[in-house]
Amino acid sequence: MEKKIRPQDKWNAKAGYISKSYKLKKDVVESFAKACEQAQTSQAGQLTKMMQQFIESVSDSDTEKQQ
C-alpha cells in the first residue's frame, strides 16, 4: 500500500518547512506562550526571529575571530 502525501505536507516540503521537536521545561514554555500572546506574535515567528539573531551573532563573532 502506497503512503499518501497530504497536500499540506507537499506544500511544506516545497516551501522548505520541517517539523522539529524539543524537550523544554514546562514553566518556560508556558511563560513563552503568554509572552507571545501579550506581544501579539506567533510562537513560531518569534522562535524563527530568535534563531536567526543567534545565527547572525555567532557568524559575526566567527568573522571577528578570523580577522
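The values are calculated or read from the model by the stated rules, or taken from the named source; none is laboratory data. Please read these numbers as outputs of a predicted model, since none were measured by experiment. Here the Cβ is made from the backbone with ideal geometry for all residues, glycine too, and neighbour counts use every protein chain on show.
Within the range 11-23, take every residue that is exposed (fewer than 10 other Cβ atoms within 10 Å of the Cβ) and not small (Gly, Ala, Ser) and give me the one that is farthest from residue 47 (Cα to Cα). So, considering only residues that are exposed (fewer than 10 other Cβ atoms within 10 Å of the Cβ) and not small (Gly, Ala, Ser), the one farthest from residue 47 (Cα to Cα) is 14. Taken over the range 24-33, the criterion of being exposed (fewer than 10 other Cβ atoms within 10 Å of the Cβ) and part of a helix (DSSP H, G or I) is satisfied by 26, 27, 28.
Taking the conditions exactly as written (surrounded by 10 or more Cβ atoms within 10 Å (Cβ to Cβ) and either under 16 Å from the mean Cα position of the chain (by Cα) or modelled with pLDDT of 90 or more (or both)), does residue 52 satisfy them or not? Judged against the criteria, residue 52 is a match. Only one of the listed residues (40, 8) is in a loop (DSSP other than H, G, I, E, B) and exposed (fewer than 10 other Cβ atoms within 10 Å of the Cβ). That residue is 40.
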